[in-house]
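Read the structure below first, then the notes.
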Amino acid sequence: MQTIIQHSNDLKIAKHIANYYDFDMTLYDSHIRFYLNQKINLNNLRQKYKIDFNYLPNHFDFQKTALFISDMDSTLINIECIDEIASFIGLKPQVSKITAKAMLGEIDFDSALIERVKLLKGLDYGVLEKVYNQKLRLNIGARELIKFFKNKNIKTAVVSGGFTYFTDMIAKNIGLDYSKANFLKVKDKILTGEIEGKIINAKAKQDFLLELCNKNNISTKRVIAIGDGDNDLLMLNEAGLSVAYHAKPKVIDSADIIINFGGLDKIMDFFTE
Ligand SMILES: [Mg+2]
C-alpha cells in the first residue's frame, strides 16, 4: 500500500483526484492523504494543480527523526547573501559573473567563493547588518517548523556555503542548535576580502552532518536534510531523508521529498500519525 500526501487541504481538488483514480482518502487539518496499490507519477498532479504532492516514504520513520539539517540561502531564507551584499555596494554584475561561471562548471565552488569574497575587500562590516535587516527574510514556515522540531526534541542545524554572520543571526533568531558557514575575516570593522579557516563547500556540508551524528550518537538514517542547490547534494545523499526545497533540477531528481509550491511547514505533514 502506498500513501500520497496532498500538501493542501483543498477538498475540491482532493475529491477530483480521488474520483479520477478511485483512491480512498483521509482528511487532516493541513493536508489530505490518498491510498493506492500502484504508484502513479506525481509530476502530472503537481503540474496540474500547482500544489505539492509526495509519497509518504516507506524507508524513513518520521517518529524517530533525531536531526534536521538545512542549507541557508534560498532554503531557510529568501536570498543568496553574497549576491545581496554585492548588490548593496554596486558589485552585483561582477559577482553574478563569477556565480554564473561556477554554475557552468567553469570554476569550482571554492575558487568562485574566494574570487567573490576578494571583491568584498575594504567593505564596512556594517553592510552585513544592513543586508540582514533590510533584505533577508525567513522563508515561509521556517519558524513554525523549527518550533515543531524543538517540541519533539529533534536537534536542528543550519550549514551554509555563505557566511557565519548570517547563520549565527538566524540560529539565534529561530533557536537552532548548531550552525556552520564561512568566516569572513575582518580587521578594524573592514572586510579583508579573505575567508578564515576551512571553506564550507559541498563536502564540508556532508562532513558537518556526519559530525553532528557522531556528536549526538545517532545514525544518519534518522536525519532529515534539506537544500536547494547542487552544493547540497552530498549532504542530502548522506541523510536518511532528503528534501528538495524550491530546488535546482539535479536536487529535485535525487531527493526523496519535493517541495516546489508550499513553505517549509509542509514538512510537518509527514509527521501526522
Ligand atoms: Mg541554497
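The values are calculated or read from the model by the stated rules, or taken from the named source; none is laboratory data. Keep in mind that this is a model prediction, so the values were computed, not measured. Here the Cβ is made from the backbone with ideal geometry for all residues, glycine too, and neighbour counts use every protein chain on show. We work out accessible area using only protein heavy atoms, side chains counted, and drop any ligands, DNA or RNA first. Shrake-Rupley method; radii C 1.70, N 1.55, O 1.52, S 1.80 Å.
Values computed for the structure shown
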| read-out | value |
| --- | --- |
| Selected residue (criterion: farthest from the chain's Cα centre (by Cα)) from residues of the stretch 64-95 that are away from the ligand (no atom under 16 Å from the Cβ) and not hydrophobic (A, V, I, L, M, F, W, C) | Gly90 |
| Which numbered condition Phe183 misses (of (1) open to solvent by less than 90 Å² (accessible area, probe 1.4 Å); (2) away from the ligand (no atom under 16 Å from the Cβ); (3) among the hydrophobic types (A, V, I, L, M, F, W, C)) | (1) |
| Single condition Lys130 does not satisfy, out of (1) modelled with pLDDT of 95 or more; (2) surrounded by 17 or more Cβ atoms within 10 Å (Cβ to Cβ); (3) farther than 27 Å from Gln63 by Cβ; (4) touching a helix residue (DSSP H, G or I) at 6+ places or on another chain (Cβ under 8 Å) | (2) |
| Pairs where the first residue, in the stretch 42-54, is of a type in the set (Val, Ile, Thr) and the second is surrounded by 11 or more Cβ atoms within 10 Å (Cβ to Cβ), C-beta under 8 Å, 6+ apart | Ile51/Gln6; Ile51/His7; Ile51/Ser8; Ile51/Asp10; Ile51/Ile13; Ile51/Phe261; Ile51/Gly262 |
| Only listed residue being on the phi > 0 side of the Ramachandran plot and either of a type in the set (D, E, K, R) or within 16 Å of the ligand (Cβ to nearest atom) (or both), chosen from Asp188, Asp232, Asp207 | Asp188 |
| Condition check for Ile69: at pLDDT 90 or above and outside the structural domain of Ser179 (by TED's automatic domain parsing) | no |
| Residue satisfying all of: in the stretch 14-42; of a type in the set (D, E, K, R), open to solvent by 90 Å² or more (accessible area, probe 1.4 Å) and under 29 Å from the mean Cα position of the chain (by Cα); nearest to Asp269 (Cα to Cα) among these | Asp29 |
| Qualifying positions in the stretch 207-223 - surrounded by 13 or more Cβ atoms within 10 Å (Cβ to Cβ) and not in a helix (DSSP H, G or I) | Ile218, Val223 |
| Subset of the stretch 246-270 (residues that are closer than 15 Å to Leu76 by Cβ, in contact with a strand residue (DSSP E or B) (Cβ under 8 Å, 6 or more places away or on another chain), open to solvent by less than 10 Å² (accessible area, probe 1.4 Å) and outside any helix (DSSP H, G or I)) | Ile259 |
| Residue list for the stretch 234-245, restricted to those being out of contact with any Phe, Trp or Tyr (no Cβ under 9 Å at 6 or more places or on another chain) and buried (at least 22 other Cβ atoms within 10 Å of the Cβ) | Leu236, Ala239, Ser242, Val243, Ala244, Tyr245 |
| Set Leu11, Leu45: member being outside the structural domain of Met169 (by TED's automatic domain parsing), on the phi < 0 side of the Ramachandran plot, more than 16 Å from the ligand (Cβ to nearest atom) and open to solvent by less than 20 Å² (accessible area, probe 1.4 Å) | Leu45 |
| Extreme residue, nearest to Glu238 (Cα to Cα), among residues of the stretch 53-86 that are assigned to a strand (DSSP E or B) and hydroxyl-bearing (Ser, Thr, Tyr) | Ser70 |
